[in-house]
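A short worksheet on the structure shown next.
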Amino acid sequence: MKVHIIGGGNLGVSIALGLSKFSPDSKVTITRRNTASILYLEKLGVTVSTINIHQIQEADIIVLTIKPYQVDTVLAEILPAITNKIIASAVSGLSIENLQNKIGTSNSAVRIMPNIAAQFGASATCIAFNEKDKEKAQDVVALFQSLGTAPIIDEKLMDAATVLAASGTAFALRYIRASMQAGIEIGFDWQTALAISAQTVKGAAEMLLEEKVHPEQLIDRVTTPQGCTIAGLNEMEMHGFSSSLIRGIKTSLKQIKG
Ligand SMILES: NC(=O)C1=CN([C@@H]2O[C@H](COP(=O)(O)OP(=O)(O)OC[C@H]3O[C@@H](n4cnc5c(N)ncnc54)[C@H](OP(=O)(O)O)[C@@H]3O)[C@@H](O)[C@H]2O)C=CC1
Ligand SMILES: O=C(O)[C@@H]1CCC=N1
């Protein structure tokens with residue numbers, strides 16, 4: 001699979017790194033205007049270029065990881081050079097209909113919402129496409145399955161997926177940071193507190209993914225009656241732990257919808 005990533009920033013690089021490790025048969029090209037900071041990718045077999053159309057005719061999938069306001073400029077450059085291509089766009093807020101109108105009917109628009117854990121094969125990449133592109137989109141699904149999970153969702157949930165799966169990485173990290181800060185207050189150095197907090201979150205997530213149960217069922221296994229866990233949980237909830245997360249996620253969604 002030849003993958004052509006346009007936009008070698010935070011997300012584009014995480015996808016390139018992930019593919020180099022978890023999809024070694026993929027041939028990856030990544031572009032941006034200032035490539036100095038990503039030339040190290042060449043050592044991993046990734047082609048780095050400042051030219052967006054560099055070998056683009058050979059690409060099986062073109063991945064857009066640019067900001068929304070960069071889309072028209074990039075498309076103006078690449079459209080004269082391509083036909084019959086799959087364009088997988090991670091551009092937040094850009095609908096399939098809008099992208100399809102921009103790229104014309106000879107190309108197929110697929111919407112993807114990965115997160116930066118793609119680098120570690122641990123992204124939750126939500127994918128949406130029109131029925132007419134169902135067959136072609138399977139290549140995109142397979143590609144992102146190699147970088148974690150790749151659920152197919154209704155496009156109307158794509159903004160929600162952006163918040164839950166992409167911004168969600170930052171939200172989860174902020175939980176870990178807070179846990180680490182508390183860990184320092186109760187006696188650990190920050191490195192030890194961070195290692196314990198991160199591994200604890202990883203373990204909790206693995207249990208949920210493995211057992212496929214409601215979190216409260218697992219929480220019940222941890223909360224000894226009159227114990228320290230329930231005391232801590234109730235104190236957190238009294239200070240708005242769950243409601244502040246819910247409000248934050250809903251505010252993020254409002255920001256995308258404008
Ligand atoms: N970061 C994340 O976790 C996620 C981001 N997204 C979405 O992905 C997109 C990219 O986000 P992110 O990676 O954070 O942004 P970055 O700013 O880190 O990356 C965008 C990259 O695009 C490059 N670029 C800009 N103009 C051009 C151009 N004309 N041709 C080629 N490359 C260009 C920039 O490099 P240079 O200036 O050198 O050209 C930059 O490295 C956004 O739409 C975002 O909403 C979606 C999910 C997760
Ligand atoms: O914060 C943002 O707008 C982008 C989309 C999701 C992650 N980063």
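Just so you know, all these numbers are worked out from the coordinates, no wet-lab data involved. Please read these numbers as outputs of a predicted model, since none were measured by experiment. Here Cβ is always computed from backbone atoms with ideal geometry, including for glycine, and neighbour counts include all displayed protein chains.
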Discussion item. Which of the three applies to region 154-218, rounded, prolate or oblate, going by the alpha-carbon gyration tensor with a ≥ b ≥ c and a/c under 1.5 meaning rounded?
Written reply: oblate
Practice prompt. Can you grab the distance from the C-alpha centre of region 162-239 to the C-alpha centre of region 67-115, Å, no decimals?
Written response: 38 Å
Worksheet, complete the sentence: Sorted by chain and then number, the residues having a modelled amide H within less than 5 Å of the amide H of T125, at least 5 places away or on another chain, are T149, A150
Practice prompt. Specify which residue in the list A205, I116, V222 is farthest towards the positive end of the charge dipole of the chain, using unit charges on the beta carbon of Lys, Arg (+1) and Asp, Glu (-1), about the Cα centre.
Written response: I116
Discussion item. Per residue, how big is the convex hull of region 163-257 when only Cα atoms are used? Give it in Å³.
Written reply: 120 Å³
Worksheet item: So which lysines can K212 reach, going by Cα to Cα under 17 Å and dropping same-chain residues fewer than 8 places off?
Response: K202
Worksheet entry | region 111-236: Rg to Rh, with Rh as the Kirkwood radius over Cα pairs | 1.07
Discussion item. If I stretch the segment between Q55 and R247 completely, what's the gain in nm (0.36 nm per residue apart, minus their alpha carbon distance), one decimal?
Written reply: 64.6 nm
Fill in: Calculated FRET efficiency for the pair Q226/A170, C-beta based, R₀ 41 Å, to 0.05
0.70
Item to complete: Quick one: work out Rg over Rh on the C-alpha atoms of the chain, Rh as Kirkwood radius.
Response: 1.03
Practice prompt. Anything over 27 Å Cα to Cα? Flag those among K102/K132; K85/K254; K102/K250; K43/K134; K102/K156, in the order listed.
Written response: K85/K254; K102/K250; K43/K134
Fill in: Shape call, region 1-88: gyration tensor on alpha carbons, a/c limit 1.5
oblate
Fill in: Packing-based ranking, highest mean first, of 136-144, 241-249 given that Cβ atoms within 10 Å are counted
136-144, 241-249
Discussion item. Once you keep just the Cα pairs under 8 angstrom separated by 6 or more residues, what percentage relative contact order results for the chain?
Written reply: 14 percent
Worksheet item: Given C-alpha coordinates of region 2-153, what is the ratio Rg to Rh with the Kirkwood estimate of Rh?
Response: 0.92
Discussion item. So if I place +1 on the C-beta of Lys and Arg and -1 on the C-beta of Asp and Glu, and nothing else carries charge, what would the dipole magnitude of region 123-169 be about its Cα centre? I want it in debye, nearest 20.
Written reply: 60 debye
Response to the item:
What helix-only [θ] at 222 nm does the chain give? Using -39500 (n - 2.57) per DSSP H run of at least 4, over all residues, to the nearest 500, the answer is -14500 deg cm²/dmol
Response to the item:
The size of the Cβ-based charge dipole (Lys, Arg +1; Asp, Glu -1) of region 2-153 about the Cα centre, to the nearest 20 debye, is 240 debye
Fill in: Burial order of peptide ranges 92-105, 111-124 (average beta-carbon count within 10 Å, highest first)
111-124, 92-105
Practice prompt. Excluding K136 itself, calculate the net charge of residues whose Cβ lies under 12 Å from the Cβ of K136, where each Lys or Arg counts +1 and each Asp or Glu counts -1.
Written response: -2
Worksheet item: At what distance in nm do the modelled label points of A142 and Q181 sit from each other, each positioned 7 Å from its Cα along Cα→Cβ?
Response: 4.6 nm
Worksheet item: If packing is taken as the mean number of other Cβ atoms within 10 Å per residue, what is the order of 8-20, 40-52, highest first?
Response: 8-20, 40-52
